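Quick notes on the structure that follows.
Please treat every number below as a calculation from the coordinates, not as lab data. Small disclaimer: the values here were computed from a predicted structure and weren't measured. Here Cβ is always computed from backbone atoms with ideal geometry, including for glycine, and neighbour counts include all displayed protein chains.
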Amino acid sequence: MRTEADPLFSKYDRRESCVLETRFSVVGLYVVVEAQARETAQSVHVEVFFPQHRGFLLLDESDMPSWLAAQCFRTDHLVYRVSQGGWLGNLNPDDSLLQIASAQSNEWIIVTANECVSVFSAFEPRIQELSV
C-alpha cells in the first residue's frame with residue numbers, strides 16, 4: 001500500500017532533531033522536539049500536544065517500518081497526518097493490534113533524525129514553538 005501524509009506546521013532542519021520529552025496522562029500526550037529553525041538556524045523546542053490520544057509508539061527512526069521512507073515524509077516538517085498507509089494501513093486484519101485505536105482515530109507521526117512518534121488520535125494536535 002502506498003503511504004500518503006500531509007505535513008503540518010512549519011519546516012525545520014531535521015538533521016540534528018530529536019525527541020526531548022514524551023509525557024502522557026488522561027489529559028493527553030505531550031511531545032517536545034528539538035530542531036533547528038530554517039530561517040534562523042537556531043535551536044528551537046516544538047511542543048506537539050494530542051488531546052485524548054488513543055495510543056502512541058515511540059521508536060528510533062531506524063526501527064520504523066519501510067513506509068517511513070515514502071516521498072511524503074521528505075518535506076522537512078516535524079508533524080504529518082498519515083492519510084494512507086502507515087501503521088493503520090498495514091495492519092493484519094486477523095491481528096488485534098490497534099483495532100480500538102484504528103476504529104476511532106487518525107494517524108499522526110512526528111519525524112525527527114533520531115526518533116519517530118506515531119500517535120493515534122481523533123483530534124488534530126496543537127503545535128507551538130516554546131521559549132527556550
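How large is the helix-only mean residue ellipticity at 222 nm for the chain, computed as the sum of -39500 (n - 2.57) over DSSP H runs with n ≥ 4, divided by its residue count, in deg cm²/dmol to the nearest 500?
-1500 deg cm²/dmol
In whole Å, largest first, what are the principal axis extents of the Cα atoms in region 12-67?
36, 28, 15
Which three semi-axes in whole Å describe the equivalent ellipsoid of the chain, each the square root of 5 times a Cα gyration tensor eigenvalue, listed largest first?
Three semi-axes, in Å: 24, 17, 12.
Students often check this: by mean Cβ neighbours within 10 Å, which of 73-81, 60-68 ranks highest, and how do the rest follow?
Ranked by mean Cβ neighbours within 10 Å, highest first: 73-81, 60-68.
Please list, by residue number, every one of the trypsin sites (Lys or Arg not before Pro) in region 1-40 that is coil in DSSP and has at most 14 other beta-carbon atoms within 10 Å.
Sparse-neighbourhood loop trypsin sites (Lys or Arg not before Pro): R2, R38.
Once amide H atoms are placed 1.01 Å from N in the peptide plane, what residues at a sequence separation of 5 or more from Q52, or on another chain, have their amide H within under 5 Å of its amide H?
G28, L29
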